Amino acid sequence: MRRLWRPVLGPYRLPTAMLMLAALSAAGFASGTLDRRDDLDAKSTAKVERVLKVPADFSKPEAFERMSAGATTSTKLVNQDAFSQSLANISFEQEQEFKLGNGLFRKTWVSSPSSTQASDGLGPLFNARACQLCHLKDGRGHPPRVQGEAIQSMLFRLSVPARTDAEKQALADKTLLRIPDPIYGGQLQEFGVPGLKGEGEVEISYDEMPVTLSGGETASLRKPTYRLVDPAYGPPDPELMLSPRVSPQMIGLGLVEAIHDADIMALANPDDRDKDGISGKPSMVRHPDTGVLALGRFGWKASQVTIGQQSADAFADDIGISNPEAARHWGDCTAKQPECLQMASGVQERLGDTEAPDPVLDLVDFYSRNLAVPARRDVDDKTVLRGKQIFYESGCTACHNPKFVTRRDAPEKAHQFQLIWPYSDFLLHDMGEGLADGMTVGDASGSEWRTPPLWGIGLTETVSGHTLFLHDGRARNFLEAILWHGGEGQAARDRVANLKPEDRAALIRFLESL
């Protein structure tokens, strides 16, 4: 088995054997694609292992560290459009395709029937009228920042416990990852087209929790409470689970897709055999094209395999636009919402058999896969370098794995064999009760989340106008995000809380440089 370096506090050592191989192979995988890279010869393998080694010297930046995404990295002026640039190494023809996808990503959809027949089909129930309205400037969403502000770049997943044998079997074989509410479906839709009520609203309240840090410093964490108010179609299931999710930033998605499965699986340690308290596990879900179990790496709970799947589901569920991969003309409407199912669809036979026929989804998919990661800033700053060393020594890299080299045989040439620095292992980790949403999604329990990549996170305020982090935006800054870590992140969190104030400040400066 090929193994990658994995740093932990104290002596750096290799990860334990990946225990799930036998079970995964039995599920239909070719083991050769899981336990080792099959795209490299011996010379290339040795090269990859050299560049992925843990740095021994933190007094200077590593080679190519400024270029967070290899040759694809954007070095353009850092401003509000920093997350909206194309990969630096795509061709002129691909740049045209990227711009067409960008136009469709920004496209505002309208309800049917409409005189703008190429733009109708919205809803009937929906969360936003355009992709861009959730992923504003391709950046990170947020909860309401002031009382009364509309919830627009945040949504709420819905689920209820499995009760019937059929539901339990569907979860067991992963044809379903969660059971939707029988009335409100799998996602709360707060808006409806003219003549149709939205499904309801969520009221968010916060309680402040003081935290004492070393050096006489203090912090305060805000604990959110979510309550569904004014449900428009009757009482939801009494055991309804409500999970908030802010829109994630869009950069580097194609490069994440180009990471070899084996490199992610090599970091998995579901039974914590090395007893370091970190037991990341892969999320295995059904591939949307083949139905075969595959490695999920997208979404807050790693429940999606491909960017195309993510785009298709967002069109259907967030905007209510059917497409060739998710031909749901009425979006997330359920059988118990007959008013919704009676609304007109936006299918135009002369254009195709869905509301967003080919090549709409392909262009949006291309745009999403080719959004560039901006170059790092201040990589040689002494405080930043000190913060980087603290990041390693505190154990943060046990989940936020700094770097990968993408597949040499990635489908798109621009993504091939790039040294990238996403700072994620793309595995599921138990983050403790404080961050738990209680909702099981496939392999992810109610307290497990995929490690979010950190590249670009230091530009959140520049691009998105806020510094709200974590899956529901509860953390108001980097320090609060760290202090919310529990479960597998508890030890690293405690080390940060016990740092000297100047070392804690250096760690934050490092995060700001990403």
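Since every read-out is calculated from the coordinates, none of them should be taken as a lab result. Note that the structure is predicted; figures quoted are calculated from it, not measured. FYI the Cβ positions are ideal-geometry reconstructions off the backbone, even for glycines, and counts take in every protein chain you see.
Which part of the range 310-343 falls in the paramagnetic zone of Ala170, meaning amide N under 19 Å from the point 7 Å along Cα-to-beta-carbon?
Within reach of a label on Ala170: 313-314, 316-318, 326-338, 341.
Taking amide H positions as placed 1.01 Å from N in the peptide plane, with prolines and chain starts having none, which residues 5 or more places from Ala326, or on another chain, fall under 5 Å of its amide H?
HN-HN under 5 Å from Ala326: empty list.
Compute the semi-axes of the equivalent ellipsoid of the range 455-509, taking the square root of 5 times each eigenvalue of the Cα gyration tensor, and list them largest first in whole Å.
Details: eigenvalues 84, 43, 13 Å².
Ellipsoid half-lengths, sorted descending, are 21, 15, 8 Å.
In deg cm²/dmol and to the nearest 500, what is the mean residue ellipticity at 222 nm of the chain if only DSSP H runs of at least 4 residues count, each as -39500 (n - 2.57), divided by the residue total?
-6000 deg cm²/dmol
State, as an integer percentage, the relative contact order of the range 110-238 based on alpha-carbon contacts under 8 Å between residues 6 or more apart.
Details: 182 pairs, mean separation 26.2, N = 129.
With pairs under 8 Å counted, the relative contact order is 20 percent.
Using the Karplus curve 6.51 cos²θ - 1.76 cosθ + 1.60 with θ = phi - 60°, work out ³J(HN,Hα) for each residue of the range 215-228 in order, rounded to whole Hz, and write x for Gly and Pro.
x, x, 8, 9, 9, 9, 9, 9, 9, x, 10, 10, 9, 6
Using only the alpha-carbon atoms, how far is helix 382-393 inclined from the longest principal axis of the chain? Give it as 0 to 90 degrees, nearest 10.
Approximately 80 degrees, to the nearest ten.
Under a 5 Å amide H to amide H cut-off, with H placed in plane at 1.01 Å, what residues pair with Met209 once short-range neighbours are removed?
Under 5 Å from the amide H of Met209 lie the amide H atoms of Leu221, Arg222, Lys223, each far enough along the sequence or on another chain.
Between beta-carbons, use under 14 Å as the cut-off and find the net charge around Leu371, counting Lys and Arg +1, Asp and Glu -1.
Overall, the nearby charge balance is -1.
Just to confirm my understanding: which cysteines in the chain have no other cysteine beta carbon less than 4.7 Å from their beta carbon?
For the chain, the answer is Cys131, Cys134, Cys396, Cys399, because their Cβ atoms have no other cysteine Cβ under 4.7 Å.
Excluding residues on the same chain fewer than 8 positions from Lys107, give the lysines whose Cα lies under 22 Å from its Cα.
Excluding near neighbours in sequence, the set is Lys99, Lys137.
Work out from phi, with θ = phi - 60° and the Karplus expression 6.51 cos²θ - 1.76 cosθ + 1.60, the ³J(HN,Hα) of each residue of the range 430-435, listed in order in whole Hz, and give x for Gly and Pro.
6, 9, x, 5, x, 9
Through the Karplus equation 6.51 cos²θ - 1.76 cosθ + 1.60, θ set to phi - 60°, convert the phi angles of the range 409-416 into ³J(HN,Hα) values in whole Hz; use x for Gly and Pro.
Working through the residues one at a time gives 9, 4, x, 9, 4, 4, 8, 6 Hz.
Sorted by average packing, counted as other Cβ atoms within 10 angstrom per residue and highest first, what order do 82-93, 143-154, 442-453 take?
So the peptides 82-93, 143-154, 442-453, ranked by packing, come out 442-453, 82-93, 143-154.
Do the alpha carbons of any pairs in Lys43/Lys403; Lys53/Lys281; Lys281/Lys500 sit beyond 27 Å of each other, and which pairs?
Lys281/Lys500
For Ser283, enumerate residues with amide H under 5 Å from its amide H, sequence gap 5+ or separate chain, H modeled in the peptide plane.
Gly296, Leu428
Show me the ranking of peptides 66-76, 251-261, 50-60 by mean Cβ neighbours inside 10 Å, starting with the highest.
251-261, 66-76, 50-60
Excluding residues on the same chain fewer than 8 positions from Lys60, give the aspartates and glutamates whose Cα lies under 17 Å from its Cα.
List returned: Asp378, Asp380, Asp381, Glu393.
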